[in-house]
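J.: Please find one structure pasted underneath; my questions will follow.
What follows draws every value from the coordinates through simple rules; no lab data is involved. These figures come from a predicted structure and were not determined experimentally. Here Cβ is always computed from backbone atoms with ideal geometry, including for glycine, and neighbour counts include all displayed protein chains.
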Amino acid sequence: MSDHNPLQIAILTVSDTRTEENDHSGNYLAEAITIAGHQLYEKLILVDNRYRIRAALSQWIAAPDVRVVLITGGTGFTDRDVTPEAVTPLLDKTIPGFGELFRQLSYEEIGSSTIQSRAIAGIANGTFIFCLPGSSGACRTGWEQIIKRQLDSANKPCNIIEMLPRITVNSK
């Protein structure tokens, strides 16, 4: 872990089939954030329902201690995949580079199948929100190659940690 204070991070798994026992992606993220020195605020599993997703996310966005939300699942394009539609209306700002970089890195791993991912990120009320696909491999790629580094103050030339005070002042 770097020299920053640990962040409170909430994790949401969006799935009609996952339980705590078989939520490999959500459990991976919970373990990974702890290893990186952050704290798990809360972990939920919700069915693919845009209103339930918005309700849970809204509570975390309003909580002053939650600085990051990681969402896994629901980013494909089947009828049940509604995570981007649930999250986007709540965002104050989008981070288009996250989805672009995620798909570039994912392309190196799974080839053109990466076009099936609608991974997105943004900021709402000073809280960073990252939406990842539901596979544990995709979560590992997103966490290890993008998010973990951005939540580390040693990552140069810049990182999210450096921006938090300025975002908090203007958003909270």
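J.: Using r as the Cβ-Cβ distance of residue 19 and residue 163, and R0 as 41 Å, what FRET efficiency do you calculate, to the nearest 0.05?
T.: 0.70
J.: Antiparallel DSSP bridges in the chain: what percent, to the nearest 5?
T.: The antiparallel proportion sits near 30 percent.
J.: For segment 31-115, take N as its residue count and report Rg(C-alpha) divided by 2.2 N^0.38 Å.
T.: This ratio for segment 31-115 stands at 1.21.
J.: Let me ask something else. Can you give the relative contact order of segment 8-171 as a percent, counting alpha carbon pairs under 8 Å and 6+ residues apart?
T.: Here the relative contact order equals 23 percent.
J.: For the chain, set up a Gaussian network in which alpha carbons nearer than 10 Å are linked by springs, and say which option among 63, 121, 30 fluctuates the most.
T.: Of the options given, 63 has the highest mean-square fluctuation.
J.: How would you rank 94-103, 134-143, highest first, on the average number of other Cβ atoms within 10 Å across their residues?
T.: Final packing ranking: 134-143, 94-103.
J.: Let me ask something else about it. Place the peptides 17-24, 76-83 in order of packing, highest mean first, counting for every residue the other Cβ atoms within 10 Å and averaging per peptide.
T.: In descending order of packing, they fall as 76-83, 17-24.
J.: Return the Cα extents of segment 82-172 along principal axes one, two and three, sorted largest first, each rounded to a whole Å.
T.: For segment 82-172, the Cα extents along the three principal axes come out at 41, 32, 18 Å.
J.: Then there's this: I need the Kirkwood Rh of segment 113-160: take the reciprocal of the average 1/r across all distinct C-alpha pairs and report it in angstrom.
T.: Answer for segment 113-160: a Kirkwood hydrodynamic radius of 11.9 Å.
J.: FRET efficiency for residue 113 and residue 65, Cβ-Cβ distance as r, R0 = 35 Å, nearest 0.05?
T.: 0.40
J.: Taking 7 Å along the Cα-to-C-beta vector as the label spot, tell me the residue 153-residue 50 distance in nanometres, rounded to one decimal.
T.: The answer from the label model is 4.0 nm.
J.: Per residue of the chain, what 222 nm ellipticity follows from adding -39500 (n - 2.57) for every DSSP H run with n ≥ 4, rounded to the nearest 500?
T.: -11000 deg cm²/dmol
J.: Considering every pair of different Cα atoms, what Kirkwood radius, in Å, is found for segment 8-171?
T.: After inverting the mean inverse Cα-Cα distance, the result is 15.6 Å.
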